[in-house]
Amino acid sequence: MSGGSSKNNTIQRRGLMLVISSPSGAGKSTIARNLLKDDSGLSLSVSVTTRKRRPSEIDGVHYHFISVKEFERMRDSDALLEWAEVHGNFYGTPREAVETAMAEGRDMLFDIDWQGALQLQEKMRADVVAIFILPPSMTELQSRLHRRAEDTEEVIRTRLLNSRSEIEHWREYDYIIVNDDLQTAYQSMQAIVAAERLRRDRRPGLFDFVRGLLEEEPNLG
């Protein structure tokens with residue numbers, strides 16, 4: 001994904017926090033993974049979780065898998081920027097990595113649920129771009145969860161039951177993408193990221209850039 005011209009890239013810009021949420025099976029993890037692969041300007045905020053690791057997941061890459069006791073220690077010491085309990089497991093965002101990235105002007109991607117998204121919006125609203133991904137139908141959502149073949153029937157049933165209450169929070173997001181076709185949904189995500197990076201209020205370097213433009217002496221021949 002192109003970040004624009006070289007002149008655009010030299011203008012100082014504050015990093016953005018790209019928050020992607022969806023009910024399980026709607027496709028956010030696939031879209032997030034493709035975005036990270038194609039966009040060198042994005043880094044993944046790796047959450048901590050007490051959930052059991054799936055066979056396809058790598059500790060430290062997809063999540064930091066920790067004990068409940070360790071999670072409670074981080075939560076109680078204010079080491080988490082946000083946290084939530086989802087499907088009976090705890091998830092949270094380590095504070096230090098995010099604060100370092102924002103200070104350096106780097107963009108961070110957050111694959112988190114609506115509870116975490118709301119906490120980030122409350123704490124750092126100007127930096128957050130919140131995107132909610134919807135399935136084209138509940139029937140298709142159920143089919144995708146079964147095709148994924150990584151959860152037990154009991155877990156799938158729980159995720160489907162919870163998906164309805166999760167979808168109720170769609171109004172709290174800046175953008176909504178209906179993932180009927182993965183490629184189309186992905187292109188919509190890329191367009192959002194490109195536009196948000198060009199927002200005036202995210203680019204403090206524009207003050208110096210425009211000042212330099214106005215100080216240039218015109219060559220009138």
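The table below gives the values:
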quantity: Kirkwood Rh, Cα atoms: Rg over Rh of segment 59-159; calculated: 1.00
quantity: GNM top mover of ARG164, ARG211, ARG148 - the chain, alpha-carbon springs below 10 Å; calculated: ARG211
quantity: 15 Å beta-carbon shell around GLN121, net charge (K/R +1, D/E -1); calculated: -4
quantity: Built amide H within the under 5 Å cut-off of SER43, gap 5+; calculated: ASP107, MET108, LEU109
quantity: Alpha-carbon gyration tensor eigenvalues x 5, square-rooted, for segment 13-199, Å; calculated: 24, 22, 15
quantity: Theoretical ellipticity at 222 nm over the chain - DSSP helices of four or more residues, -39500 (n - 2.57) apiece, nearest 500; calculated: -13000 deg cm²/dmol
quantity: Cα-based convex hull, segment 124-221, per residue volume (Å³, whole number); calculated: 162
quantity: For the chain, built as a Gaussian network whose Cα springs stay under 10 Å, the top-fluctuating residue of PRO23, PRO94, PRO55; calculated: PRO55
quantity: Positive minus negative residues near ARG202 (Lys, Arg vs Asp, Glu; Cβ under 9 Å); calculated: +3
quantity: Gaussian network model of the chain, Cα within-10 Å springs - most flexible of LEU182, LEU161, LEU141; calculated: LEU161
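No lab work stands behind these numbers, since they all come straight from the coordinates. Model, not experiment: these values are computed from the prediction. We place every Cβ from the backbone using ideal geometry, glycine too, and count neighbours over all the protein chains shown.
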